[in-house]
Amino acid sequence: MLPIQHAQRICYMIIAVIGVPVNLVAIVVLSRGKCGLSNCTTRYLVAMAAADLLVVITGVILWRINWYYFPGSFLEITPVCCVTYLLSRVATDCSVCFTVTFTFDRFVAICCQKLKNKYCTGRTAAVVLATSCILLCSKNVPYYFTLGPGEIIDNVPWDCIPIPAYYTEPGWLGFDVFGMVLIPLLPFAVILLLNALTVRHILVTSRVRKGLRSERMGENGCDPEMESRRKSVILLFTISGSFRLLWLVYVIDFLYYSIKGTYPGDYNVALYTFQQVGYILQNLSCCTNTFIYGVTQSKFREQLKSAMKYPVTSIIQLINGQNN
């Protein structure tokens, strides 16, 4: 077994152990609506945490960990693993797409004041998230038919391997390129563009507001509006920056084999290792957002501490009540 495969066994187990509880905690804490975030922002962040949780469950636990630690389980029966693969792709696409919709929502809130009141609402967020989810589910359905059995034992098909036509027929080749461009190349570019426009707008607005405030006699202290924007921008840039950083290796690998026309199955050890590191980092991105909330949002930390103390305080109150 190659060194990268030993590393994968350990890394995917760590991602599973960390990813499930942190995303569940994020969903619970954010759903309470006491983190000082707007309703639409809260909905986007909850949706992102839910999608990340599904990625960890389907793509890491049911797909990767099952393959490494439980070979021969019923999850490797072809129809079952095809469904697992499909759900994993849908969850991954939703995680990426929700990051883009959140970035666009914050762009509108910061840079488009006339559109802000109409677009940045809980209702719009729900419609955008639901529509995105439905479209991505429809887009990924054909991937179910790209896999076939690796072997048949007692008339039962086992394993999931790509069908030969997937790498030869123009239709499947075009579909694969379309899927890769849609997720993650297009989101990668869109997030970069939106972040650049947001930074430009903030710099211009900041200079204008400082000039106006300096002309007003006796007006000192911080600017509440700019302080609010600063907190929103920190959250936006840390989430989108983490996404770009952790998906970068995966994107580079895709560009490499697309431009070179190399089939990934023919990779040498070095390229294979690079590819697998990309997969690890891609899945790791599903564990980072909760830590980002904790670092950048003081109210989230307060609610998290309160949630962690709640079981202890409840037990103490129950014991005191019984003693009395």
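The values are calculated or read from the model by the stated rules, or taken from the named source; none is laboratory data. Predicted, not measured: the structure shown is a model, and the values here were computed from it. Neighbour counts are summed over all protein chains in view; Cβ atoms, including those assigned to glycine, are modelled from backbone coordinates with ideal geometry. Heads up: the accessible areas ignore ligands, DNA and RNA and are worked out on the full protein's heavy atoms, side chains in. Shrake-Rupley method; radii C 1.70, N 1.55, O 1.52, S 1.80 Å.
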Review point. Relative to a virtual label point 7 Å from the Cα of residue 144 in the Cα→beta-carbon direction, which members of the stretch 61-80 show backbone nitrogen distances below 12 Å?
Key: 79-80
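Kindly state, to the nearest 0.05, the FRET efficiency for residue 135 paired with residue 204, given R0 = 35 Å and r defined as their beta-carbon distance. Walk me through the intermediate numbers first.
Numbers: r = 35 Å, r/R0 = 0.99.
So the FRET efficiency works out to roughly 0.50.
Ignoring ligands, DNA and RNA, what percent of the accessible area of the stretch 239-324 is carbon or sulfur (1.4 Å)? Walk me through the numbers on the way to the answer.
Working: 3220 of 5100 Å².
Looking at the stretch 239-324 in its full context, I get 63 percent from C and S.
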Review point. What full-extension length gain, to one decimal in nm, is calculated for residue 169 and residue 69 as 0.36 nm per residue of separation minus the Cα-Cα distance?
Key: 32.5 nm
Review point. Looking only at 102, 70, 254, which one moves most when the chain is put into a Gaussian network model with springs between Cα atoms under 10 Å?
Key: 70
Review point. When the dipole is taken about the Cα centre of the chain, and only Lys, Arg (+1) and Asp, Glu (-1) are charged at their Cβ, what size is it in debye, to the nearest 20?
Key: 1900 debye
Exercise for review: Please work out the Kirkwood hydrodynamic radius for the chain, using every pair of different C-alpha atoms, and report it in angstroms with one decimal place.
Suggested key: 22.2 Å
Revision key, fill the gap. For residue 150, the residues 5 or more places away or on another chain with a placed amide H closer than 5 Å to its own amide H are 158, 159, 160, 161
Check your understanding: What residue among 169, 302, 151 has the largest mean-square fluctuation in a Gaussian network model of the chain, using Cα springs under 10 Å?
Key -> 169
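Would you mind getting the Kirkwood hydrodynamic radius of the stretch 36-133 from its Cα pairs, rounded to one decimal in Å?
Computed over the stretch 36-133, the radius equals 14.9 Å.
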**Study point:** 1.4 Å probe accessible area per residue over the chain, in Å²
**Key:** 54 Å²
Practice item. Rank 232, 242, 38 by mean-square fluctuation in a GNM of the chain with C-alpha springs under 10 angstrom and give only the top-ranked residue. Key: 38
Exercise for review: Give me the distance in nm between label points sitting 7 Å out from Cα along the Cα-to-Cβ direction at residue 5 and residue 115, one decimal.
Suggested key: 5.0 nm
Exercise for review: Kindly express, to the nearest 10 degrees and within the range 0 to 90, the angle between helix 122-140's C-alpha long axis and the longest C-alpha principal axis of the chain.
Suggested key: 10 degrees
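How big is the dipole moment of the stretch 1-145 about its Cα centre under a simple scheme where the beta carbon of each Lys and Arg is +1, that of each Asp and Glu is -1, and everything else is neutral? Debye, nearest 20, please.
Values: 12 positive and 4 negative charges, 126 e Å.
Computed about the Cα centre, the dipole is about 600 debye.
Can you divide the C-alpha Rg of the stretch 92-150 by 2.2 N^0.38 Å and report the result to two decimal places? Intermediate values should be presented prior to the final figure.
Numbers: Rg = 15.7 Å, N = 59, 2.2 N^0.38 = 10.4 Å.
Normalised Cα radius of gyration, the stretch 92-150: 1.51.
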Check your understanding: Using the beta-carbon distance between residue 182 and residue 80 and R0 = 35 Å, what value does 1/(1 + (r/R0)^6) give for FRET efficiency, to the nearest 0.05?
Key -> 0.85
Revision key, fill the gap. Under the helix-only model (-39500 (n - 2.57) for each DSSP H run of 4 or more, divided by the residues of the chain), the mean residue ellipticity at 222 nm, to 500 deg cm²/dmol, is -25000 deg cm²/dmol
Point to revise | Inter-probe distance in nm under a simple model that places probes 7 Å from Cα toward Cβ, at residue 307 and residue 255 | key: 3.7 nm
**Study point:** Furthest towards positive pole of dipole, 25, 274, 136, structure part the chain, Cβ charges
**Key:** 25
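Using alpha-carbon pairs under 8 Å, 6+ residues apart, how would you state the relative contact order of the stretch 94-170 in percent? Please list the in-between numbers first.
On the way: 42 pairs, mean separation 15.0, N = 77.
So the answer I get is 19 percent.
Using the C-alpha gyration tensor of the stretch 58-184, what are the square roots of 5 times its eigenvalues, in whole angstrom, with the largest one first?
Three semi-axes, in Å: 37, 17, 11.
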Check your understanding: So which lysines pass the test for residue 299, namely a Cα distance under 26 Å, with those fewer than 8 places away in the same chain ruled out?
Key -> 34, 116, 231, 309
Review point. Among 188, 97, 111, whose Cα lies farthest out toward the positive end of the dipole of the stretch 53-190, if unit charges sit on the beta carbon of Lys, Arg (+1) and Asp, Glu (-1)?
Key: 111
Check your understanding: When the accessible area of the stretch 1-117 is split by element with a 1.4 Å probe, what percent falls to carbon and sulfur?
Key -> 72 percent
Review point. Between residue 152 and residue 316, what is the label-to-label distance in nm when each label sits 7 Å out along the Cα-to-Cβ direction?
Key: 6.6 nm
Practice item. For the stretch 165-210, report the translational diffusion coefficient in µm²/s to the nearest whole number, using Stokes-Einstein at 4 °C, 1.567 mPa s, and a Kirkwood Rh over Cα pairs. Key: 99 µm²/s
